[in-house]
Amino acid sequence: MHHLNIDLETYSSVPIQKAGLQKYVESPDFEILLFAYSLDGSPVVCVDFTNDELLPQNIAEALISSDYIKHAYNAAFEWSCLSKYMDRQLPPEQWRCTMLHGLYAGYTAGLDATGRALGLSEDKRKLNTGKALIRYFCIPCSPTNANGGRTRNYPCHDPERWKLFKEYNCQDVVTEMEIEQKLSNIYIPDNVQKEWETDLIINNRGVAVDMDMVRGALDIAGEVRRSLIEEAQSISGLDNPNSVRQLTSWLESETDEEIPELRKDTVVKMLARDCNSQRVQRMLEIRQELCKTSTKKYDAIEQAVCSDDRVRGLLQFYGANRTGRWAGRLVQVQNLPRTYIGSLQLARKLVKERKLNAIKLTYGSVQDTLSQLIRTAFIATEGNVLIDADFSAIEARVISWLANEDWRLEVFRTHGKIYEASASQMFGVPIELIKKGNPEYALRQKGKVAELALGYQGSTGALINMGALDMGIPEEDLPDIVSRWREANKRIRDLWYKVDSAAVKVIGQGGSIGINGLIFAHECDVSQNNSYMTITLPSGRKLFYNAPQIGVNQWGNPSISYMGMDQTTKKWKRIETYGGKLVENCVQAIARDCLAYAIESLEAAGLPVVFHIHDEVVIDTKPWAGDEEMLAKTVEIMSRPAPWAQGLPLSADGWVGSFFKKD
């Protein structure tokens with residue numbers, strides 16, 4: 001088997017960050033500028049397509065030959081570009097993504113950042129001149145008198161920069177190969193590679209969108225926004241009443257009090273006061289409404305939609321590199337608002353027809369209606385239907401299975417009412433009494449918040465963050481809820497401490513320890529000077545914690561830390577963790593593996609997935625049976641445990657329809 005390492009430099013007038021890879025490549029002016037490659041580790045060669053250079057015949061043939069494995073950093077980019085260039089969809093199974101390799105090993109996504117985290121020497125790292133060169137040659141430029149009014153820079157406009165750009169192109173191949181070498185002793189399981197290939201197909205397949213509704217929503221939102229701003233200007237005299245600084249200053253002068261910020265919850269609290277003047281009350285209402293008029297997701301659809309009215313590239317494989325879960329891109333389908341208004345079909349019709357007054361009369365808040373309808377912009381292909389199915393309480397099921405918490409497993413194998421069952425266990429009340437109309441039903445709220453907050457070693461703070469106080473639960477009751485939940489779930493509680501102890505032991509002493517189907521190990525790659533704590537999951541996939549150390553925490557106990565990407569600062573730094581957090585990583589990773597197994601099974605059954613969200617899949621298919629039969633078949637596939645998860649009681653539910661929604 002031969003290996004071909006590739007890096008491309010390309011041009012397109014479409015902004016890739018906002019519009020996505022597929023629309024970028026679809027643009028009529030898309031072209032490959034430079035093609036740098038190394039065959040079987042030989043010196044890097046750069047082919048300059050702008051100078052009418054051609055790929056050598058053996059390299060052109062290698063792109064479609066199964067005898068050659070193609071490697072690239074973020075290989076989805078090179079795969080898409082070269083599929084366009086070759087006028088065929090290249091076989092995904094012939095490609096390997098070095099970025100995925102780094103993410104799988106617990107590193108970050110960027111080529112430069114990964115090279116630094118791996119400790120590459122300066123001559124092996126990505127050149128820091130790249131961003132400026134890409135801005136100059138790869139995207140349109142603004143016409144000026146100085147540049148003769150041109151809208152694009154060509155090599156002839158700066159030959160020295162172009163020479164440097166070719167060096168940069170070659171250096172990216174060197175860096176990518178060096179990262180591969182650094183990670184060569186870390187094996188990506190075949191099933192993870194296959195999932196990456198399927199993800200390429202799903203992202204390239206895309207999902208249909210109702211552009212009539214999207215444009216109608218944008219028009220209506222614009223009209224409402226203009227009206228609100230004009231009203232606010234009339235009341236306050238402000239130039240820009242949507243400015244936090246201007247509005248805060250005005251409110252302080254009107255109320256004679258200091259207002260440190262104007263967050264959503266602050267506005268809600270201020271609106272609830274009886275002391276507001278009519279002017280202040282209305283300005284706060286307008287502020288609240290303007291915050292709801294955001295059309296970012298509609299804008300994102302409009303920017304990303306391809307010529308066939310499909311949006312592609314909504315998913316990022318291994319977007320969460322601690323667990324391997326997918327992340328959202330472009331429209332961010334992972335955090336769409338729920339739909340709870342009645343008659344979605346009518347609402348969509350009124351938006352398409354720009355019937356602003358009818359929407360106000362029928363649904364009240366126009367902004368809230370538009371916010372909910374964003375889901376319904378995703379539709380079935382003409383003549384098809386959408387099948388939606390999502391796992392029921394997947395994390396609660398997985399942690400119960402992982403900890404062997406028998407009473408919980410029995411709940412999930414039977415009625416599935418985990419909130420009621422949890423309250424029953426915590427308070428010693430028969431579950432039959434915890435139903436609407438009985439005084440014991442109030443205990444369900446405590447069971448629910450406990451289930452949502454306490455599974456990963458959370459305490460009273462976790463209950464508060466999950467909204468316990470907003471539910472009306474007194475703060476003094478919270479310690480009792482924590483104590484009762486932990487006592488009712490002894491095996492889950494014990495799992496936290498077993499996991500913590502296993503991690504401390506393998507980091508400090510080496511070797512490996514098995515805990516409830518998880519294998520903890522301290523792996524050292526002496527040749528590359530790398531060390532990891534790994535957790536092998538039941539699926540065979542590993543979680544990697546780089547450069548693990550044992551320190552001492554504020555309570556004088558052993559503290560586990562590793563090098564990783566801080567999700568707040570986005571910097572590579574040392575991160576502390578503990579047993580409950582490691583259990584959370586494992587549970588979410590196993591849930592992710594369940595979803596990946598379901599996706600592969602659905603695809604194999606001829607049910608094409610167009611996107612998915614955490615524990616939910618959306619399928620676009622020709623109606624091959626009645627709605628109930630199609631849904632039943634999908635749910636049956638989703639509910640099959642993987643071969644490595646025997647005894648895990650999975651369950652799913654969903655709907656069949658013409659547009660996306662949240663039941």
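Values computed for the structure shown
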| item | result |
| --- | --- |
| Any hit, region 49-67, residues being open to solvent by less than 20 Å² (accessible area, probe 1.4 Å), under 31 Å from the mean Cα position of the chain (by Cα) and of a type in the set (A, V, I, L, M, F, W, C) | yes |
| Region 618-661, subset without any contact (Cβ under 8 Å) to a residue 60 or more places away in the chain, farther than 26 Å from R408 by Cα and assigned to a loop (DSSP other than H, G, I, E, B), residue most open to solvent (accessible area, probe 1.4 Å) | W624 |
| Hits in region 290-337 (condition: closer than 21 Å to V366 by Cβ, open to solvent by less than 30 Å² (accessible area, probe 1.4 Å) and assigned to a helix (DSSP H, G or I)) | L290, Y298, A300, I301 |
| Lone qualifier among S658, S651, S639 - being in contact with a Phe, Trp or Tyr (Cβ under 8 Å, 6 or more places away or on another chain) and among the small types (G, A, S) | S651 |
| Members of region 473-492 found to be open to solvent by less than 60 Å² (accessible area, probe 1.4 Å) and either under 32 Å from the mean Cα position of the chain (by Cα) or of a type outside the set (G, A, S) (or both), listed by number | I473, P474, D477, L478, I481, V482, W485, R486, N489, I492 |
| Unique match (being in a helix (DSSP H, G or I) and open to solvent by 10 Å² or more (accessible area, probe 1.4 Å)) among Q588, Q549 | Q588 |
| Helices (runs of 4 or more DSSP H) wholly inside region 338-408 that include at least 2 residues being farther than 30 Å from A642 by Cβ | 344-352, 356-363, 366-373 |
| Residue in region 82-105 that is modelled with pLDDT under 95, out of contact with any Ser or Thr (no Cβ under 8 Å at 6 or more places or on another chain) and either among the β-branched types (V, I, T) or within 18 Å of N169 (Cα to Cα) (or both) present | no |
| Meets criteria (touching a residue at least 24 places away in the same chain (Cβ under 8 Å), farther than 30 Å from G206 by Cα and part of a helix (DSSP H, G or I)) for G580 | yes |
| R287 among the basic types (K, R), open to solvent by 60 Å² or more (accessible area, probe 1.4 Å), under 30 Å from A358 (Cα atoms) and in contact with a helix residue (DSSP H, G or I) (Cβ under 8 Å, 6 or more places away or on another chain) | no |
| Residue ID - least open to solvent (accessible area, probe 1.4 Å), chosen from residues in region 554-572 that are closer than 17 Å to L118 by Cα and in a strand (DSSP E or B) | G564 |
| Among residues of region 59-83, those that are in contact with a strand residue (DSSP E or B) (Cβ under 9 Å, 6 or more places away or on another chain), farther than 16 Å from H3 by Cα and not aliphatic (A, V, I, L, M), counted | 3 |
| Extreme residue, surrounded by the fewest Cβ atoms within 10 Å (Cβ to Cβ), among residues of region 522-531 that are part of a strand (DSSP E or B) and out of contact with any Gly (no Cβ under 7 Å at 6 or more places or on another chain) | C524 |
| Residues of region 171-206 classified as open to solvent by less than 20 Å² (accessible area, probe 1.4 Å), farther than 30 Å from V311 by Cα and hydroxyl-bearing (S, T, Y), total | 1 |
| The listed residue being among the polar types (S, T, N, Q), closer than 20 Å to S38 by Cβ and over 27 Å from the mean Cα position of the chain (by Cα), out of N169, N147 | N169 |
| Sole exception among (1) open to solvent by 40 Å² or more (accessible area, probe 1.4 Å); (2) more than 24 Å from S601 (Cα to Cα); (3) under 27 Å from the mean Cα position of the chain (by Cα) for K355, by number | (3) |
| Members of region 605-614 found to be at pLDDT 95 or above and open to solvent by 10 Å² or more (accessible area, probe 1.4 Å), listed by number | A605, G606, P608 |
| Number of the exception - R375 against (1) out of contact with any Lys or Arg (no Cβ under 7 Å at 6 or more places or on another chain); (2) closer than 18 Å to K297 by Cα; (3) charged (D, E, K, R) | (1) |
| Long-range neighbours under 8 Å by Cβ, at least six apart or interchain, first residue over 9 Å from E9 (Cα atoms) within region 20-35, second of a type in the set (F, W, Y) and part of a loop (DSSP other than H, G, I, E, B) | Y24/F30 |
| Any hit, region 591-604, residues being hydroxyl-bearing (S, T, Y), closer than 20 Å to G540 by Cα, in contact with a Ser or Thr (Cβ under 9 Å, 6 or more places away or on another chain) and open to solvent by 10 Å² or more (accessible area, probe 1.4 Å) | yes |
| Listing of helices (runs of 4 or more DSSP H) fully contained in region 163-261 that carry 3 or more residues being more than 30 Å from H612 (Cα to Cα) and touching a Leu at 6+ places or on another chain (Cβ under 9 Å) | 211-236, 244-255 |
| Qualifying residue in region 524-539 (condition: at positive phi and at pLDDT 95 or above) | no |
| Of all residues in region 111-123 being surrounded by fewer than 18 Cβ atoms within 10 Å (Cβ to Cβ) and on the phi < 0 side of the Ramachandran plot, the one that is nearest to the chain's Cα centre (by Cα) | A113 |
| Near pairs, Cβ below 6 angstrom, 6+ apart or cross-chain, from region 244-272 (among the polar types (S, T, N, Q)) to any residue that is open to solvent by less than 80 Å² (accessible area, probe 1.4 Å) | Q246/L238; Q246/N240; T248/I259; T248/L262 |
| Residue tally, condition part of a helix (DSSP H, G or I) and farther than 18 Å from Q646 by Cα, over region 409-421 | 4 |
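The values are calculated or read from the model by the stated rules, or taken from the named source; none is laboratory data. Remember, it's a predicted structure, so these values are computed and weren't measured experimentally. Because the Cβ atoms are built from the backbone with ideal geometry, glycine has one as well, and the counts that use them run over all protein chains shown. Only protein heavy atoms, including side chains, enter the accessible area calculation; ligands, DNA and RNA are left aside. Shrake-Rupley method; radii C 1.70, N 1.55, O 1.52, S 1.80 Å.
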